[in-house]
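Read the structure below first, then the notes.
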Amino acid sequence: MRLFTLPVQANERDIDSNGHVNNIVYVQWMQEVAIAHSDAVGCTAATHAAGCTWVARSHHIEYLRPAFAGDRIRLETWVVDATRKSSSPRRYRMVRESDGAVLARGETLWVFVDVASGRPRSIPAEVIDCFEVVPPDQEP
């Protein structure tokens, strides 16, 4: 599965004092869609079987347009590189369903970590093979 999507709806508790979805909610959505994608393709099970977990090293978000309570938003995610030894970047796009407006774009660098030692570990083939990498020229 190259591009994974997850629909969400912004609600009142997501709204900040500026009247739109709070910045931190986008980070939460990035994590939610990443986990849902990982679950859907068997990566979560393969990661646990290897005695490991994924830890976020960094997040980058570019906010393009505000979202408001009641907006239905399509979260999109894909893996862009599987050649790194112990990390993998994942990209995101948040799209308002009513008008197709791209609200935000983001990227997280996820690190594959051994649960027992707490140290990064090489990503085994059975984990990384769960994903179809989207080359830069084919990104949405």
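Scan ILE35, ILE73, ILE15 and give me the residue that is out of contact with any strand residue (DSSP E or B) (no Cβ under 8 Å at 6 or more places or on another chain) and of a type outside the set (Gly, Ala, Ser).
After applying the criteria, what remains is ILE35.
Would a scan of the stretch 42-54 turn up a residue that is at pLDDT 95 or above, more than 14 Å from GLY106 (Cβ to Cβ), within 17 Å of the chain's Cα centre (by Cα) and assigned to a loop (DSSP other than H, G, I, E, B)? Scanning the stretch 42-54 turns up at least one residue that is at pLDDT 95 or above, more than 14 Å from GLY106 (Cβ to Cβ), within 17 Å of the chain's Cα centre (by Cα) and assigned to a loop (DSSP other than H, G, I, E, B). Among what's in the stretch 2-19 and is of a type in the set (A, V, I, L, M, F, W, C) and in a loop (DSSP other than H, G, I, E, B), pick the residue that is nearest to the chain's Cα centre (by Cα). If we take residues in the stretch 2-19 being of a type in the set (A, V, I, L, M, F, W, C) and in a loop (DSSP other than H, G, I, E, B), then LEU3 is nearest to the chain's Cα centre (by Cα). Restricting ARG119, ARG91 to residues that are surrounded by 17 or more Cβ atoms within 10 Å (Cβ to Cβ), of a type in the set (Lys, Arg) and at pLDDT 95 or above narrows the list to ARG91. Looking for something touching a helix residue (DSSP H, G or I) at 6+ places or on another chain (Cβ under 6 Å), buried (at least 17 other Cβ atoms within 10 Å of the Cβ) and under 15 Å from ASP129 (Cα atoms) - is there at least one such residue anywhere in the stretch 5-16? Scanning the stretch 5-16, I find no residue that is touching a helix residue (DSSP H, G or I) at 6+ places or on another chain (Cβ under 6 Å), buried (at least 17 other Cβ atoms within 10 Å of the Cβ) and under 15 Å from ASP129 (Cα atoms), so the answer is no. Residue pairs whose Cβ atoms lie under 9 Å apart, separated by 6 or more positions or on different chains, with the first residue in the stretch 17-38 and at positive phi and the second surrounded by 14 or more Cβ atoms within 10 Å (Cβ to Cβ) and aliphatic (A, V, I, L, M), are GLY19/ALA69.
The residues of the stretch 94-116 that are small (Gly, Ala, Ser) and either within 15 Å of the chain's Cα centre (by Cα) or exposed (fewer than 14 other Cβ atoms within 10 Å of the Cβ) (or both), listed by number, are SER98, GLY100, ALA104, GLY106, ALA116. A single entry from GLU126, GLU132, GLU76 fulfils the requirement of being buried (at least 16 other Cβ atoms within 10 Å of the Cβ) and out of contact with any Asp or Glu (no Cβ under 9 Å at 6 or more places or on another chain): GLU76. Please indicate, with yes or no, whether at least one residue in the stretch 43-52 is surrounded by fewer than 20 Cβ atoms within 10 Å (Cβ to Cβ), hydroxyl-bearing (Ser, Thr, Tyr) and either in contact with a helix residue (DSSP H, G or I) (Cβ under 6 Å, 6 or more places away or on another chain) or on the phi > 0 side of the Ramachandran plot (or both). Yes, the stretch 43-52 has at least one match.
The values are calculated or read from the model by the stated rules, or taken from the named source; none is laboratory data. Computed from a predicted model, the values in this text were never measured in an experiment. Ideal geometry is used to build each Cβ from the backbone, glycine not excepted, and the neighbour counts take in all protein chains shown.
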